[in-house]
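The values are calculated or read from the model by the stated rules, or taken from the named source; none is laboratory data. Everything numeric here is computed off the predicted structure, so don't read it as measured data. So basically every Cβ, Gly included, is an ideal-geometry build from the backbone, and we count neighbours across all protein chains shown.
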Amino acid sequence: MYQNWPTRMIKKNKNVENARVGVIDVGSNSVRLVVFDGAIRSPSYFYNEKVMAGLGLDLAHTGKLHPEGKERALKALRRFHEIAERMDLNSLAAVATEAVRAASDGPEFCQRVLDEIGIELVPISGDQEANLSAQGVLLGWPKASGLVCDIGGASMELASLEVGDVKKTRSSKLGPMAVMGRFDDVDAQEIYLRTGLQELTRGFDLHVDTLFLVGGSWRALAHIHMIRTDYPLRVLHDYVVNPVAFLDTLDFVENRTPEQIQEQMQISSSRARLLPMAAKTLRGLLALVDVHEIAFSSYGLREGLMYENMPANIRNSDPLIAAARAIEAGQARFPGFGDVLFDWLSPLFTTLDGSVKRLIHAACLLHDVHWRSHPDYRSEVCFDAATLANLGGIDHGGRVFLAGTLLHRYKAKRVSENYNAVRVLLQEDELNLAKTVGLAIRLGAMMSSADPEHMGRLILTPKAVNLELDAQSEEVFGEVVMKRLQAVAESIGRTATVSYV
(Lines give C-alpha, C1' and ligand atoms only; values in the text may rest on other atoms or scores of the structure.)
Protein backbone atom coordinates (compact mmCIF):
# COMPACT_ATOMS: atom_id res chain seq x y z
CA MET A 1 0.00 0.00 0.00
CA TYR A 2 1.08 3.56 -0.73
CA GLN A 3 3.87 2.18 -2.91
CA ASN A 4 3.10 4.77 -5.59
CA TRP A 5 3.46 7.72 -3.24
CA PRO A 6 6.54 9.92 -3.33
CA THR A 7 7.91 9.25 0.15
CA ARG A 8 11.15 9.23 2.07
CA MET A 9 9.82 7.72 5.29
CA ILE A 10 10.17 4.03 6.05
CA LYS A 11 6.86 2.28 6.53
CA LYS A 12 6.54 1.65 10.26
CA ASN A 13 2.90 0.79 10.73
CA LYS A 14 2.28 -2.63 9.22
CA ASN A 15 -1.47 -2.50 9.80
CA VAL A 16 -2.53 -0.73 6.61
CA GLU A 17 -6.17 -0.89 7.70
CA ASN A 18 -5.33 1.63 10.42
CA ALA A 19 -2.41 3.54 8.96
CA ARG A 20 -1.23 6.96 10.04
CA VAL A 21 -0.36 8.75 6.81
CA GLY A 22 1.00 12.24 6.21
CA VAL A 23 0.39 14.40 3.14
CA ILE A 24 2.08 17.73 2.40
CA ASP A 25 0.28 19.80 -0.22
CA VAL A 26 2.21 22.77 -1.60
CA GLY A 27 -0.31 24.91 -3.44
CA SER A 28 -0.29 28.30 -5.12
CA ASN A 29 -1.80 30.00 -2.09
CA SER A 30 -1.22 27.67 0.86
CA VAL A 31 1.10 24.99 2.19
CA ARG A 32 -0.57 22.34 4.30
CA LEU A 33 0.31 19.25 6.31
CA VAL A 34 -2.45 16.74 7.00
CA VAL A 35 -1.95 13.53 8.94
CA PHE A 36 -4.70 10.97 8.50
CA ASP A 37 -5.24 8.42 11.22
CA GLY A 38 -7.46 5.42 11.74
CA ALA A 39 -9.49 3.35 9.32
CA ILE A 40 -8.26 4.45 5.91
CA ARG A 41 -11.67 4.13 4.19
CA SER A 42 -12.87 7.05 6.28
CA PRO A 43 -9.72 8.53 7.82
CA SER A 44 -9.71 10.91 10.75
CA TYR A 45 -7.71 14.12 10.68
CA PHE A 46 -5.08 13.47 13.31
CA TYR A 47 -3.22 16.68 12.47
CA ASN A 48 -4.01 19.56 10.11
CA GLU A 49 -1.99 22.76 9.72
CA LYS A 50 -2.02 25.35 6.96
CA VAL A 51 0.24 28.30 6.18
CA MET A 52 -0.89 30.87 3.59
CA ALA A 53 2.49 31.22 1.91
CA GLY A 54 1.36 32.78 -1.38
CA LEU A 55 3.87 31.03 -3.63
CA GLY A 56 1.82 31.89 -6.70
CA LEU A 57 1.62 35.65 -6.09
CA ASP A 58 2.89 37.49 -9.21
CA LEU A 59 3.48 34.17 -11.02
CA ALA A 60 1.46 35.38 -14.02
CA HIS A 61 3.68 38.48 -14.32
CA THR A 62 7.12 37.09 -13.43
CA GLY A 63 6.84 33.40 -14.28
CA LYS A 64 8.56 32.72 -10.96
CA LEU A 65 7.58 31.83 -7.43
CA HIS A 66 7.06 34.78 -5.13
CA PRO A 67 10.35 35.42 -3.21
CA GLU A 68 8.69 36.02 0.14
CA GLY A 69 6.29 33.16 -0.49
CA LYS A 70 9.23 30.80 -1.05
CA GLU A 71 10.77 31.69 2.28
CA ARG A 72 7.45 31.31 4.09
CA ALA A 73 6.87 27.97 2.38
CA LEU A 74 10.36 26.72 3.27
CA LYS A 75 9.88 27.74 6.88
CA ALA A 76 6.54 25.92 7.00
CA LEU A 77 8.03 22.82 5.36
CA ARG A 78 10.85 22.71 7.90
CA ARG A 79 8.27 22.74 10.66
CA PHE A 80 6.12 20.12 8.93
CA HIS A 81 9.12 17.87 8.43
CA GLU A 82 10.01 18.07 12.11
CA ILE A 83 6.42 17.31 13.11
CA ALA A 84 6.29 14.36 10.73
CA GLU A 85 9.54 12.93 12.07
CA ARG A 86 8.11 12.92 15.58
CA MET A 87 4.94 11.08 14.58
CA ASP A 88 4.68 7.37 13.96
CA LEU A 89 3.74 7.75 10.30
CA ASN A 90 3.25 4.91 7.90
CA SER A 91 4.41 7.20 5.10
CA LEU A 92 4.75 10.83 4.09
CA ALA A 93 3.95 12.19 0.63
CA ALA A 94 4.67 15.74 -0.56
CA VAL A 95 3.13 17.10 -3.75
CA ALA A 96 3.12 20.50 -5.41
CA THR A 97 0.50 21.91 -7.76
CA GLU A 98 0.22 24.74 -10.29
CA ALA A 99 2.57 27.38 -8.88
CA VAL A 100 5.54 25.03 -8.57
CA ARG A 101 4.87 23.10 -11.77
CA ALA A 102 4.45 26.30 -13.82
CA ALA A 103 7.20 28.49 -12.34
CA SER A 104 10.56 28.61 -14.11
CA ASP A 105 12.26 28.26 -10.72
CA GLY A 106 9.95 25.44 -9.62
CA PRO A 107 12.57 22.68 -10.12
CA GLU A 108 15.12 24.76 -8.23
CA PHE A 109 12.67 25.20 -5.35
CA CYS A 110 11.98 21.43 -5.20
CA GLN A 111 15.70 20.72 -5.13
CA ARG A 112 16.17 23.23 -2.33
CA VAL A 113 13.38 21.55 -0.35
CA LEU A 114 15.14 18.21 -0.78
CA ASP A 115 18.64 19.50 0.00
CA GLU A 116 17.78 21.73 2.95
CA ILE A 117 14.88 19.86 4.51
CA GLY A 118 14.97 16.31 3.22
CA ILE A 119 11.47 16.24 1.73
CA GLU A 120 11.02 14.96 -1.82
CA LEU A 121 8.52 17.48 -3.20
CA VAL A 122 6.94 16.13 -6.39
CA PRO A 123 5.12 18.48 -8.79
CA ILE A 124 2.05 16.81 -10.26
CA SER A 125 0.51 17.66 -13.62
CA GLY A 126 -2.79 19.44 -14.05
CA ASP A 127 -4.48 16.23 -15.17
CA GLN A 128 -3.09 14.39 -12.15
CA GLU A 129 -4.38 17.14 -9.89
CA ALA A 130 -7.85 16.94 -11.47
CA ASN A 131 -7.85 13.16 -11.14
CA LEU A 132 -6.79 13.24 -7.48
CA SER A 133 -9.41 15.86 -6.62
CA ALA A 134 -12.09 13.73 -8.25
CA GLN A 135 -10.91 10.69 -6.32
CA GLY A 136 -11.09 12.77 -3.16
CA VAL A 137 -14.76 13.32 -3.93
CA LEU A 138 -15.15 9.54 -4.33
CA LEU A 139 -13.78 9.05 -0.83
CA GLY A 140 -17.00 10.60 0.44
CA TRP A 141 -19.37 9.68 -2.42
CA PRO A 142 -18.19 6.22 -3.61
CA LYS A 143 -20.59 5.93 -6.56
CA ALA A 144 -20.81 9.60 -7.46
CA SER A 145 -21.66 10.85 -10.94
CA GLY A 146 -21.34 14.41 -12.20
CA LEU A 147 -18.69 17.07 -12.62
CA VAL A 148 -15.93 17.92 -10.15
CA CYS A 149 -14.44 21.41 -10.21
CA ASP A 150 -11.41 22.06 -8.00
CA ILE A 151 -10.30 25.68 -7.62
CA GLY A 152 -6.86 26.60 -6.34
CA GLY A 153 -4.99 29.85 -6.25
CA ALA A 154 -3.46 29.63 -9.73
CA SER A 155 -5.33 26.81 -11.47
CA MET A 156 -8.75 25.26 -11.77
CA GLU A 157 -9.42 21.65 -12.68
CA LEU A 158 -12.46 19.87 -14.08
CA ALA A 159 -13.21 16.14 -13.99
CA SER A 160 -16.19 13.98 -14.87
CA LEU A 161 -17.42 11.10 -12.74
CA GLU A 162 -19.60 8.22 -13.86
CA VAL A 163 -20.83 5.92 -11.10
CA GLY A 164 -17.59 6.12 -9.16
CA ASP A 165 -15.13 6.23 -12.06
CA VAL A 166 -13.09 9.24 -13.19
CA LYS A 167 -13.66 9.54 -16.95
CA LYS A 168 -12.23 12.84 -18.19
CA THR A 169 -9.94 15.49 -16.71
CA ARG A 170 -8.62 18.89 -17.71
CA SER A 171 -6.68 21.68 -16.01
CA SER A 172 -6.68 25.44 -16.64
CA LYS A 173 -4.98 28.59 -15.42
CA LEU A 174 -8.24 30.02 -14.12
CA GLY A 175 -7.44 30.22 -10.43
CA PRO A 176 -8.31 33.67 -8.98
CA MET A 177 -4.70 34.49 -8.22
CA ALA A 178 -3.70 33.71 -11.82
CA VAL A 179 -6.50 35.73 -13.42
CA MET A 180 -5.94 38.77 -11.23
CA GLY A 181 -2.19 38.55 -11.70
CA ARG A 182 -2.49 38.34 -15.46
CA PHE A 183 -4.84 41.31 -16.00
CA ASP A 184 -5.54 44.50 -14.10
CA ASP A 185 -8.38 45.53 -16.40
CA VAL A 186 -11.78 44.10 -15.42
CA ASP A 187 -12.94 43.72 -19.03
CA ALA A 188 -9.79 41.81 -19.92
CA GLN A 189 -10.30 39.53 -16.92
CA GLU A 190 -13.85 38.76 -17.98
CA ILE A 191 -12.83 37.97 -21.57
CA TYR A 192 -10.05 35.70 -20.31
CA LEU A 193 -12.46 33.95 -17.94
CA ARG A 194 -15.12 33.46 -20.59
CA THR A 195 -12.77 31.99 -23.19
CA GLY A 196 -10.90 29.96 -20.56
CA LEU A 197 -14.09 28.40 -19.21
CA GLN A 198 -15.26 27.52 -22.70
CA GLU A 199 -11.96 25.75 -23.33
CA LEU A 200 -11.98 24.04 -19.93
CA THR A 201 -15.47 22.59 -20.43
CA ARG A 202 -15.00 21.60 -24.08
CA GLY A 203 -15.84 17.93 -24.65
CA PHE A 204 -17.45 17.39 -21.23
CA ASP A 205 -21.05 16.37 -20.74
CA LEU A 206 -22.41 19.60 -19.30
CA HIS A 207 -25.88 18.23 -18.47
CA VAL A 208 -25.45 16.38 -15.15
CA ASP A 209 -27.25 16.14 -11.84
CA THR A 210 -24.45 17.30 -9.56
CA LEU A 211 -21.56 19.74 -9.68
CA PHE A 212 -19.09 18.88 -6.90
CA LEU A 213 -17.02 21.88 -5.82
CA VAL A 214 -13.60 21.33 -4.24
CA GLY A 215 -11.23 23.97 -2.88
CA GLY A 216 -10.96 26.66 -0.23
CA SER A 217 -12.52 29.47 -2.25
CA TRP A 218 -15.59 27.40 -3.06
CA ARG A 219 -15.96 26.40 0.59
CA ALA A 220 -15.67 30.04 1.63
CA LEU A 221 -18.55 30.88 -0.71
CA ALA A 222 -20.57 28.07 0.85
CA HIS A 223 -19.77 29.44 4.31
CA ILE A 224 -21.10 32.85 3.27
CA HIS A 225 -24.25 31.30 1.81
CA MET A 226 -24.90 29.42 5.07
CA ILE A 227 -24.64 32.64 7.06
CA ARG A 228 -26.83 34.64 4.71
CA THR A 229 -29.56 31.98 4.60
CA ASP A 230 -29.31 31.14 8.32
CA TYR A 231 -28.71 27.49 7.48
CA PRO A 232 -28.97 25.50 10.74
CA LEU A 233 -26.12 23.01 10.26
CA ARG A 234 -22.68 24.57 9.76
CA VAL A 235 -20.99 21.59 8.12
CA LEU A 236 -19.45 22.42 4.75
CA HIS A 237 -18.94 18.86 3.53
CA ASP A 238 -21.92 17.71 1.45
CA TYR A 239 -23.64 21.07 1.78
CA VAL A 240 -26.03 21.03 -1.18
CA VAL A 241 -27.55 24.13 -2.77
CA ASN A 242 -29.72 24.99 -5.73
CA PRO A 243 -27.59 26.64 -8.46
CA VAL A 244 -30.13 29.39 -9.15
CA ALA A 245 -30.57 30.19 -5.46
CA PHE A 246 -26.79 30.39 -5.06
CA LEU A 247 -26.49 33.22 -7.58
CA ASP A 248 -27.65 35.69 -4.94
CA THR A 249 -24.61 34.84 -2.82
CA LEU A 250 -22.37 35.32 -5.84
CA ASP A 251 -23.93 38.77 -6.30
CA PHE A 252 -23.26 39.57 -2.65
CA VAL A 253 -19.57 38.62 -2.90
CA GLU A 254 -18.94 40.30 -6.26
CA ASN A 255 -20.41 43.58 -5.02
CA ARG A 256 -18.19 43.82 -1.95
CA THR A 257 -14.54 44.57 -1.38
CA PRO A 258 -12.27 41.92 0.14
CA GLU A 259 -12.11 44.06 3.28
CA GLN A 260 -15.90 44.06 3.60
CA ILE A 261 -16.05 40.31 3.03
CA GLN A 262 -13.38 39.72 5.67
CA GLU A 263 -15.14 41.87 8.23
CA GLN A 264 -18.73 40.81 7.59
CA MET A 265 -18.22 37.09 7.01
CA GLN A 266 -15.24 36.23 9.25
CA ILE A 267 -13.08 35.23 6.28
CA SER A 268 -9.28 35.48 6.38
CA SER A 269 -7.76 38.37 4.44
CA SER A 270 -5.76 36.06 2.18
CA ARG A 271 -8.92 34.17 1.25
CA ALA A 272 -11.18 37.23 1.03
CA ARG A 273 -9.03 38.91 -1.61
CA LEU A 274 -9.65 35.97 -3.95
CA LEU A 275 -13.39 35.57 -3.42
CA PRO A 276 -14.81 38.21 -5.77
CA MET A 277 -12.88 36.64 -8.65
CA ALA A 278 -13.85 33.14 -7.50
CA ALA A 279 -17.50 34.23 -7.50
CA LYS A 280 -17.19 35.54 -11.05
CA THR A 281 -15.57 32.29 -12.11
CA LEU A 282 -18.33 30.16 -10.62
CA ARG A 283 -20.98 32.37 -12.21
CA GLY A 284 -19.31 31.84 -15.58
CA LEU A 285 -19.13 28.09 -15.05
CA LEU A 286 -22.80 27.88 -14.06
CA ALA A 287 -23.70 29.71 -17.28
CA LEU A 288 -22.14 26.83 -19.23
CA VAL A 289 -23.32 23.79 -17.28
CA ASP A 290 -26.82 22.50 -16.62
CA VAL A 291 -26.86 20.97 -13.14
CA HIS A 292 -29.64 20.27 -10.66
CA GLU A 293 -27.55 20.81 -7.55
CA ILE A 294 -24.19 22.01 -6.27
CA ALA A 295 -22.50 19.87 -3.60
CA PHE A 296 -19.51 21.21 -1.68
CA SER A 297 -16.77 18.74 -0.80
CA SER A 298 -14.25 19.08 2.00
CA TYR A 299 -12.39 16.17 0.43
CA GLY A 300 -10.00 16.90 -2.41
CA LEU A 301 -6.47 16.25 -3.58
CA ARG A 302 -5.09 15.07 -0.24
CA GLU A 303 -7.96 12.65 0.29
CA GLY A 304 -7.59 11.61 -3.35
CA LEU A 305 -4.07 10.42 -2.61
CA MET A 306 -5.56 8.20 0.08
CA TYR A 307 -8.26 6.89 -2.23
CA GLU A 308 -5.90 6.23 -5.16
CA ASN A 309 -3.74 3.93 -3.07
CA MET A 310 -6.49 1.99 -1.32
CA PRO A 311 -6.79 -1.73 -1.98
CA ALA A 312 -9.94 -2.49 -3.96
CA ASN A 313 -11.68 -4.24 -1.06
CA ILE A 314 -11.31 -1.16 1.16
CA ARG A 315 -12.20 1.27 -1.63
CA ASN A 316 -15.45 -0.61 -2.25
CA SER A 317 -16.53 -0.58 1.40
CA ASP A 318 -19.10 1.84 2.80
CA PRO A 319 -17.30 4.93 4.19
CA LEU A 320 -20.01 5.65 6.77
CA ILE A 321 -20.05 2.13 8.18
CA ALA A 322 -16.23 1.98 8.09
CA ALA A 323 -16.00 5.21 10.08
CA ALA A 324 -18.64 4.12 12.58
CA ARG A 325 -16.91 0.76 13.10
CA ALA A 326 -13.58 2.49 13.68
CA ILE A 327 -15.13 4.84 16.26
CA GLU A 328 -16.87 1.92 17.97
CA ALA A 329 -13.64 -0.08 18.09
CA GLY A 330 -11.81 2.76 19.82
CA GLN A 331 -14.47 4.15 22.15
CA ALA A 332 -17.33 1.73 22.89
CA ARG A 333 -17.49 -0.47 25.97
CA PHE A 334 -18.28 -3.55 23.89
CA PRO A 335 -16.74 -3.23 20.41
CA GLY A 336 -18.59 -5.41 17.93
CA PHE A 337 -21.93 -5.22 19.72
CA GLY A 338 -23.22 -2.61 17.25
CA ASP A 339 -23.55 -5.26 14.55
CA VAL A 340 -25.37 -7.59 16.98
CA LEU A 341 -27.72 -4.77 17.96
CA PHE A 342 -28.46 -3.93 14.32
CA ASP A 343 -29.38 -7.55 13.56
CA TRP A 344 -31.54 -7.68 16.71
CA LEU A 345 -33.70 -4.66 15.91
CA SER A 346 -33.80 -5.14 12.11
CA PRO A 347 -37.14 -7.08 12.20
CA LEU A 348 -38.81 -3.75 13.03
CA PHE A 349 -37.56 -2.14 9.82
CA THR A 350 -37.72 -4.77 7.08
CA THR A 351 -39.69 -2.54 4.68
CA LEU A 352 -37.14 0.29 4.64
CA ASP A 353 -34.74 0.74 1.73
CA GLY A 354 -31.01 0.17 2.00
CA SER A 355 -30.09 3.85 2.29
CA VAL A 356 -32.10 4.17 5.51
CA LYS A 357 -30.99 0.81 6.90
CA ARG A 358 -27.33 1.85 6.64
CA LEU A 359 -28.10 4.95 8.76
CA ILE A 360 -29.73 2.69 11.35
CA HIS A 361 -26.70 0.41 11.20
CA ALA A 362 -24.38 3.38 11.78
CA ALA A 363 -26.50 4.49 14.75
CA CYS A 364 -26.18 1.03 16.28
CA LEU A 365 -22.41 1.11 15.89
CA LEU A 366 -22.22 4.56 17.50
CA HIS A 367 -24.83 4.11 20.21
CA ASP A 368 -22.36 3.51 23.06
CA VAL A 369 -19.24 5.45 22.09
CA HIS A 370 -19.95 8.33 24.47
CA TRP A 371 -20.64 6.27 27.57
CA ARG A 372 -17.96 8.18 29.51
CA SER A 373 -19.84 11.47 29.15
CA HIS A 374 -21.82 12.82 32.09
CA PRO A 375 -25.29 11.20 32.08
CA ASP A 376 -27.03 14.58 32.17
CA TYR A 377 -25.37 15.64 28.92
CA ARG A 378 -24.76 12.36 27.15
CA SER A 379 -27.59 12.84 24.66
CA GLU A 380 -26.32 16.30 23.70
CA VAL A 381 -22.78 14.95 23.28
CA CYS A 382 -24.13 12.25 20.96
CA PHE A 383 -26.08 14.84 19.03
CA ASP A 384 -23.03 17.07 18.50
CA ALA A 385 -20.88 14.12 17.49
CA ALA A 386 -23.37 12.91 14.89
CA THR A 387 -23.93 16.31 13.31
CA LEU A 388 -20.35 17.59 13.39
CA ALA A 389 -18.14 14.49 13.13
CA ASN A 390 -15.86 13.82 10.18
CA LEU A 391 -18.06 11.28 8.42
CA GLY A 392 -18.12 10.44 4.74
CA GLY A 393 -20.98 8.85 2.84
CA ILE A 394 -23.67 10.78 4.69
CA ASP A 395 -25.58 13.90 3.69
CA HIS A 396 -26.87 16.61 6.02
CA GLY A 397 -30.28 14.98 6.35
CA GLY A 398 -28.55 11.73 7.27
CA ARG A 399 -26.53 13.51 9.95
CA VAL A 400 -29.69 14.92 11.50
CA PHE A 401 -31.37 11.50 11.35
CA LEU A 402 -28.37 9.95 13.07
CA ALA A 403 -28.34 12.72 15.67
CA GLY A 404 -32.06 12.29 16.37
CA THR A 405 -31.65 8.55 16.76
CA LEU A 406 -28.82 8.87 19.28
CA LEU A 407 -30.65 11.64 21.10
CA HIS A 408 -33.66 9.38 21.71
CA ARG A 409 -31.37 6.48 22.57
CA TYR A 410 -30.48 8.33 25.78
CA LYS A 411 -33.43 10.63 26.46
CA ALA A 412 -36.92 9.45 25.62
CA LYS A 413 -38.62 12.79 26.34
CA ARG A 414 -36.21 15.68 26.60
CA VAL A 415 -35.18 17.07 23.22
CA SER A 416 -32.09 19.16 22.62
CA GLU A 417 -32.53 22.78 21.52
CA ASN A 418 -29.91 22.12 18.84
CA TYR A 419 -32.04 19.27 17.51
CA ASN A 420 -35.04 21.56 17.25
CA ALA A 421 -32.96 23.92 15.12
CA VAL A 422 -31.84 21.31 12.56
CA ARG A 423 -34.90 19.04 12.47
CA VAL A 424 -36.24 21.23 9.65
CA LEU A 425 -33.87 19.31 7.37
CA LEU A 426 -36.02 16.19 7.76
CA GLN A 427 -39.62 15.32 6.97
CA GLU A 428 -41.98 14.47 9.83
CA ASP A 429 -41.99 10.75 9.00
CA GLU A 430 -38.17 10.75 9.07
CA LEU A 431 -38.19 12.43 12.48
CA ASN A 432 -40.63 9.83 13.78
CA LEU A 433 -38.50 7.00 12.40
CA ALA A 434 -35.38 8.42 14.07
CA LYS A 435 -37.28 8.43 17.36
CA THR A 436 -38.39 4.82 16.92
CA VAL A 437 -34.87 3.66 16.08
CA GLY A 438 -33.47 5.50 19.08
CA LEU A 439 -36.03 3.93 21.40
CA ALA A 440 -35.29 0.47 19.96
CA ILE A 441 -31.56 0.97 20.52
CA ARG A 442 -32.33 2.13 24.07
CA LEU A 443 -34.25 -1.11 24.65
CA GLY A 444 -31.58 -3.29 23.04
CA ALA A 445 -28.79 -1.71 25.08
CA MET A 446 -30.68 -2.57 28.28
CA MET A 447 -31.43 -6.12 27.16
CA SER A 448 -27.77 -6.76 26.41
CA SER A 449 -26.63 -5.69 29.90
CA ALA A 450 -27.70 -9.03 31.32
CA ASP A 451 -26.34 -11.27 28.57
CA PRO A 452 -26.10 -10.44 24.84
CA GLU A 453 -26.66 -14.13 24.12
CA HIS A 454 -30.13 -13.96 25.69
CA MET A 455 -31.55 -10.76 24.20
CA GLY A 456 -34.35 -12.72 22.61
CA ARG A 457 -35.80 -11.58 19.34
CA LEU A 458 -38.23 -8.92 18.22
CA ILE A 459 -41.28 -9.95 16.20
CA LEU A 460 -43.38 -7.30 14.44
CA THR A 461 -47.03 -8.07 13.79
CA PRO A 462 -49.79 -5.81 12.44
CA LYS A 463 -50.90 -5.05 16.00
CA ALA A 464 -47.94 -5.65 18.29
CA VAL A 465 -44.23 -5.61 18.90
CA ASN A 466 -43.50 -8.89 20.61
CA LEU A 467 -40.30 -9.60 22.50
CA GLU A 468 -39.73 -13.33 22.47
CA LEU A 469 -37.41 -14.55 25.24
CA ASP A 470 -36.19 -17.91 26.40
CA ALA A 471 -37.51 -19.14 29.72
CA GLN A 472 -34.21 -18.42 31.48
CA SER A 473 -34.66 -14.69 30.80
CA GLU A 474 -37.93 -14.30 32.70
CA GLU A 475 -36.21 -13.27 35.92
CA VAL A 476 -34.17 -10.49 34.27
CA PHE A 477 -37.17 -9.00 32.49
CA GLY A 478 -38.37 -6.15 34.70
CA GLU A 479 -40.71 -3.19 34.61
CA VAL A 480 -38.10 -0.80 33.19
CA VAL A 481 -37.54 -3.15 30.25
CA MET A 482 -41.30 -3.32 29.74
CA LYS A 483 -41.57 0.46 29.73
CA ARG A 484 -38.90 0.71 27.06
CA LEU A 485 -40.58 -2.00 25.00
CA GLN A 486 -43.87 -0.14 25.29
CA ALA A 487 -42.22 3.09 24.16
CA VAL A 488 -40.96 1.36 21.02
CA ALA A 489 -44.35 -0.18 20.29
CA GLU A 490 -46.28 3.03 20.89
CA SER A 491 -43.99 4.98 18.56
CA ILE A 492 -45.24 2.84 15.66
CA GLY A 493 -48.85 2.51 16.80
CA ARG A 494 -48.69 -0.97 18.27
CA THR A 495 -48.99 -2.66 21.65
CA ALA A 496 -46.11 -4.33 23.48
CA THR A 497 -46.19 -8.05 24.27
CA VAL A 498 -43.71 -10.51 25.76
CA SER A 499 -43.60 -14.27 25.20
CA TYR A 500 -41.34 -17.02 26.51
CA VAL A 501 -40.21 -20.11 24.66
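Quick notes on this one:
- The one condition from (1) at pLDDT 95 or above; (2) over 22 Å from the mean Cα position of the chain (by Cα); (3) at negative phi that residue 295 does not meet is (2).
- Selection within the stretch 36-74 - within 19 Å of residue 315 (Cα to Cα) and outside any loop (DSSP other than H, G, I, E, B): 36, 37, 44, 45
- Taking the numbered list (1) in contact (Cβ under 8 Å) with a residue 24 or more places away in the chain; (2) crowded, with 18+ Cβ neighbours inside 10 Å; (3) not β-branched (Val, Ile, Thr) in turn, residue 460 passes all entries but (2).
- Entry remark, the stretch 49-63: residues being without any contact (Cβ under 8 Å) to a residue 24 or more places away in the chain and either touching a helix residue (DSSP H, G or I) at 6+ places or on another chain (Cβ under 7 Å) or among the basic types (Lys, Arg) (or both) number 1 in total.
- Helices (runs of 4 or more DSSP H) contained in the stretch 227-327 and holding at least 3 residues among the acidic types (Asp, Glu): 243-254
- Filtered residues of the stretch 318-328 (kept if modelled with pLDDT of 90 or more and over 17 Å from residue 399 (Cβ atoms)): 325, 328
- Among the residues listed as 294, 267, the single one being touching a strand residue (DSSP E or B) at 6+ places or on another chain (Cβ under 8 Å) and crowded, with 17+ Cβ neighbours inside 10 Å: 294
Okay, residues lined up against (1) of a type in the set (Ser, Thr, Tyr); (2) touching a strand residue (DSSP E or B) at 6+ places or on another chain (Cβ under 7 Å); (3) in the same structural domain as residue 352 (by TED's automatic domain parsing):
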| residue | (1), (2), (3) |
| --- | --- |
| 400 | no, no, yes |
| 409 | no, no, yes |
| 438 | no, no, yes |
| 445 | no, no, yes |
| 460 | no, no, no |
| 468 | no, yes, no |
| 476 | no, no, no |
| 490 | no, no, no |
| 493 | no, no, no |
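- Residue in the stretch 106-128 that is in contact (Cβ under 8 Å) with a residue 24 or more places away in the chain, crowded, with 22+ Cβ neighbours inside 10 Å and of a type in the set (D, E, K, R) present: no
- For the stretch 328-372, a residue qualifies if it is of a type in the set (A, V, I, L, M), closer than 16 Å to residue 409 by Cβ and in a helix (DSSP H, G or I), and the qualifying residues are 340, 341, 345, 348, 359, 360, 362, 363, 365, 366.
- The set of residues in the stretch 26-74 being among the polar types (S, T, N, Q) and surrounded by fewer than 24 Cβ atoms within 10 Å (Cβ to Cβ) consists of 30, 44, 48, 62.
- A single entry from 273, 228, 234 fulfils the requirement of being surrounded by fewer than 21 Cβ atoms within 10 Å (Cβ to Cβ), of a type in the set (D, E, K, R) and either touching a residue at least 60 places away in the same chain (Cβ under 8 Å) or closer than 20 Å to residue 153 by Cβ (or both): 273.
- Residue match in the stretch 308-323 (condition: touching a Phe, Trp or Tyr at 6+ places or on another chain (Cβ under 7 Å) and more than 23 Å from residue 457 (Cβ to Cβ)): yes
- All positions within the stretch 276-291 that are in contact with a Phe, Trp or Tyr (Cβ under 9 Å, 6 or more places away or on another chain) and surrounded by fewer than 19 Cβ atoms within 10 Å (Cβ to Cβ): 286
- Exclusive hit being at pLDDT 95 or above, farther than 30 Å from residue 241 by Cβ and out of contact with any Ser or Thr (no Cβ under 7 Å at 6 or more places or on another chain), set 496, 489, 464, 450: 496
- Qualifying residue in the stretch 12-25 (condition: out of contact with any Pro (no Cβ under 6 Å at 6 or more places or on another chain), at pLDDT below 90, crowded, with 19+ Cβ neighbours inside 10 Å and assigned to a loop (DSSP other than H, G, I, E, B)): yes
- The lone criterion from (1) surrounded by fewer than 19 Cβ atoms within 10 Å (Cβ to Cβ); (2) at positive phi; (3) in contact (Cβ under 8 Å) with a residue 60 or more places away in the chain left unmet by residue 146 is number (1).
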